[in-house]
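Single-structure report; data block below.
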Amino acid sequence: MKRSVTVQAAFLACLLFCLLPSQNGWGQTGEASMQRPNVLLIMVDDLGFSDLGCYGSEIETPHLDALAANGLRFSQFYNTAKCHSSRVSLLTGQYCIAAGDTSLSHAVTSAETLGAQGYYTAMAGKWHLQKEPTDFGFQRYFGHLSGACNYFLGDNTFRLDGQPWSVPSEGFYTTVANVDHAMEFLHQADEADNPWFLYVAFNAPHAPLQALPQDYAKYEGRYDQGWDVIHQRRAARQKELGITSADLIPSERPDHIPAWDSLSDPRKEFETKRMTALAAMIDRVDQETGRLIEHLEETGDIDNTLIWFVSDNGACPYDRTSQKIEAKPTDGTVSWSDSTGWAWARNTPFRLYKQNQFEGGISTPAIVHWPKGLKPQPGSINHTPAHLIDIFPTMVDVTGSMIPSEWPGREVRPVSGVSLRPIFEGGSFQRDEPLHFLFSSDRGLREDNWKLASFRNGPWELYDLNSDRTERHNVADNHPIVVKRMAERWNQMATDVLHTRSFSPTADVSPGDAASTRNRHPEWTDFSQRPQNNIRGNGRNKKKSTKSSQRAIRARKNTTSKWKQGVLHLYFHGDDPGIAMDRLPSKLDQGPYHLAFELQSNAAGQGEVFFTTSLDQSLPNGVRLPWTPKHDDQWHAYSIALVNDSDEQSTSSKQEIHRLRLDTSDAKGSAKIRNLRMLDASGKEVIRWDGNSTPANQ
């Protein structure tokens with residue numbers, strides 16, 4: 001088992017906590033100690049609001065439906081609209097940027113906190129953050145560090161307790177393997193007297209769309225009627241269940257999605273198969289969850305185990321490349337991307353999708369099951385707005401733990417979430433701050449029944465969720481004072497809570513106009529195109545890229561950038577700033593490579609370089625190289641070897657590099673970069689960034 005500095009940190013924190021009074025007596029020894037609940041936290045990936053049976057779906061999810069029938073469902077439970085940021089909020093109780101983003105440099109995790117209180121801690125599944133779970137308080141871990149992987153073939157980021165783990169050549173399926181190992185961890189926990197915390201992070205139903213043959217066969221023929229019919233049926237079922245109000249008007253099919261009956265036969269065939277695969281993947285999540293529940297019933301732990309089931313964001317609309325669309329997605333050679341049309345139906349009754357801070361992106365199912373701790377009537381539906389940031393403080397509260405204000409090696413910031421224990425006890429709670437939403441260029445704020453949102457840097461839109469939960473009518477022009485007040489609050493929280501930059505949209509709001517209803521994203525499906533292998537869903541071949549796009553530099557969050565006469569001027573507004581090059585030429589000279597540049601900086605902190613050697617990896621996954629910049633406001637030249645573990649003869653150093661990221665600071669300030677280029681082993685320049693393409697702010 002891997003040991004890390006967090007083991008020592010947990011020991012120190014445990015000593016501190018033992019000197020502090022418990023909130024409810026559960027942190028004490030003796031009989032009260034036995035009353036502390038176990039915690040099972042399950043997160044799925046890219047699940048739409050209506051994708052479970054108990055939220056209106058036709059997909060068979062009997063085990064999750066049973067948890068809901070004997071527990072509690074939320075109808076207004078929020079996430080961050082994106083995979084990694086939701087995982088940060090889930091584990092830390094903070095908004096992602098405030099926590100230090102994927103580095104977690106300003107936060108303490110639930111595993112570290114509960115582990116310091118004597119809990120056995122384990123995790124199985126997708127990590128998608130920096131370092132590894134065993135570096136952040138999990139005593140056992142199995143899963144993949146990447147943001148997505150082939151369900152049958154896996155990838156090279158699989159780990160078992162911090163060590164590389166080779167995926168078997170046959171008989172492997174990621175969703176099943178996660179629970180196989182989770183069951184092993186539970187058996188180990190059963191041998192100890194202490195309570196346990198198990199976090200299972202399913203990658204399903206995130207793309208690639210790949211299902212086990214028996215699961216896929218189960219749903220063949222069920223989606224021949226298309227998304228219009230499925231959307232209508234799910235919306236009606238939600239009203240019957242009480243998930244939505246009887247007078248709620250579901251979102252209309254948007255202009256960028258055609259009526260199902262208007263599609264060509266080849267398009268209908270492929271779209272039907274895509275939803276068949278998605279249903280099968282969700283069904284499998286339910287089956288594997290059932291195995292965990294069965295174990296808890298057999299051991300007698302089911303009554304005093306706090307079970308959470310949540311999703312990291314709404315359904316994904318991004319239609320990238322698919323391979324072997326003529327086949328069935330039941331082995332590792334077939335790989336399909338998502339469909340914008342089905343994403344709309346899966347997010348019923350809401351509109352928009354993953355990454356958008358509208359209800360379709362941020363409102364997803366949330367189920368709580370805890371017979372010994374829940375006082376509301378079994379099967380109750382709670383309509384109080386809640387958020388992933390509330391899970392950590394709730395866990396701390398019900399386990400009699402305390403939220404650390406300090407942790408070795410980190411500058412810990414306050415938790416923004418609140419405990420939901422009053423709801424568990426049949427009451428209500430008060431939230432002092434609005435719910436703040438931010439990912440990339442999409443933003444939002446939920447304050448009571450008012451919802452402020454911006455679509456991809458567009459103007460602020462305002463919705464009254466009390467009468468318009470599906471955000472059909474933008475009333476910003478009718479309530480300019482509310483817009484102004486909420487926009488100011490969004491900026492205040494962005495600066496003071498998240499430690500990131502503020503936002504002032506330049507576009508004016510026309511009466512009744514809403515950018516979110518008339519604009520579209522370049523990666524949403526273009527249904528006018530015939531579906532083809534290895535062609536992006538919007539009709540553009542992924543392999544084609546211009547020299548301009550290969551030289552484009554993206555300013556990351558908390559960073560603005562501008563080229564002036566060949567010099568890149570950078571301004572850092574908060575934590576984790578930097579630049580990224582998301583697309584390098586498809587054929588580069590033989591490596592290993594060096595990233596060379598000159599830097600003038602008056603900022604502070606350490607620097608980092610990240611690079612990926614696989615098209616399946618996204619930044620900051622891949623190889624991380626720390627380096628030390630000088631911040632004396634003088635020009636200095638740097639050359640950083642792009643090799644793994646500083647081994648210039650390593651196999652990875654000779655692989656093609658696809659993406660690069662350069663951080664010259666980890667705090668506020670400014671810097672200038674010139675002569676930024678990548679060199680091969682002989683010192684030959686293979687690519688230069690000189691300002692000929694316009695940098696795009698994240």
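Under 14 Å from a label point 7 Å along Cα→Cβ of Gln188: give me every residue in the stretch 122-143 with its amide N that close. From the stretch 122-143, the list is 122-125, 133-135, 137-143. Bridges between two residues of the chain, per DSSP, are antiparallel at a rate of about 75%.
If you average the alpha carbon positions of the stretch 393-453 and of the stretch 610-629, how far apart do those two centres end up, in angstrom? Centre-to-centre distance over Cα atoms comes out at 31 Å. Using heavy atoms of the protein chains and a probe of 1.4 Å, the accessible area assigned to Leu292 is about 0 Å². Remark on the stretch 372-415: hydrodynamic radius 13.2 angstrom, per the Kirkwood mean of 1/r across alpha carbon pairs.
Does the stretch 288-354 come out rounded, prolate or oblate, given a ≥ b ≥ c as the square roots of the eigenvalues of its C-alpha gyration tensor, rounded meaning a/c under 1.5 and, failing that, prolate meaning a/b above b/c? Cα axes put the stretch 288-354 in the oblate bin. Distance from the C-alpha centroid of the stretch 459-505 to that of the stretch 102-160: 35 Å, rounded to the whole angstrom. Over the chain, DSSP H runs of length four or greater, each weighted -39,500 (n - 2.57), average out per residue to a 222 nm ellipticity of -7000 deg cm²/dmol. Ordering Ile640, Leu114, His473 by Cα displacement along the dipole of the chain toward the positive end leaves Ile640 in first place; charges were set at the Cβ atoms of Lys, Arg (+1) and Asp, Glu (-1). Counting only protein heavy atoms and using a 1.4 Å probe, the accessible area of Asp464 comes to about 50 Å². Computed with a 1.4 Å probe on the full set of protein chains, the accessible area for His84 sits at about 30 Å².
A viscosity of 0.692 mPa s and a temperature of 37 °C, combined with the Kirkwood radius over C-alpha pairs in the Stokes-Einstein formula, give the stretch 215-310 a diffusion coefficient of 200 µm²/s.
Per residue, what volume in Å³ does the convex hull of the Cα atoms of the stretch 179-338 enclose?
Convex hull of Cα atoms, per residue: 153 Å³.
Take the chain with all the other protein chains still there, run a 1.4 Å probe, and you get 38 Å² of accessible area per residue. May I ask for the percentage of alpha-carbon pairs in the stretch 204-258 that lie more than 15 Å from each other? Counting pairs separated by more than 15 Å, the tail of P(r) holds 66 percent. Note that the stretch 22-163, at 4 °C in a medium of 1.567 mPa s, gets a Stokes-Einstein diffusion coefficient of 75 µm²/s from its Kirkwood radius over C-alpha pairs. For the chain, the relative contact order is 16 percent, taking Cα pairs closer than 8 Å that sit 6 or more residues apart in sequence and dividing their mean separation by the residue count. The mean of 1/r over all pairs of different alpha-carbon atoms in the stretch 328-402, once inverted, gives a Kirkwood hydrodynamic radius of 16.0 Å. Roughly to the nearest percent, how much of the accessible area of the chain is carbon and sulfur, given a 1.4 Å probe? Of the solvent-accessible surface of the chain, carbon and sulfur hold 47 percent. When Rg and the Kirkwood Rh are both derived from Cα coordinates, the Rg/Rh ratio for the chain amounts to 0.95. Across all directions, the shadow cast by the convex hull of the stretch 345-455 built on its C-alpha atoms averages 9.1 square nanometres. Averaging Cα coordinates gives a centre for the stretch 226-263 and one for the stretch 285-307; these two points are 33 Å apart.
The values are calculated or read from the model by the stated rules, or taken from the named source; none is laboratory data. Everything quoted here is computed from the prediction, not taken from an experiment. Positions of Cβ are generated from backbone atoms using ideal geometry, with glycine treated the same way; all protein chains shown enter the neighbour counts. Side chains included, ligands, DNA and RNA excluded: accessible areas come from the protein's heavy atoms. Shrake-Rupley method; radii C 1.70, N 1.55, O 1.52, S 1.80 Å.
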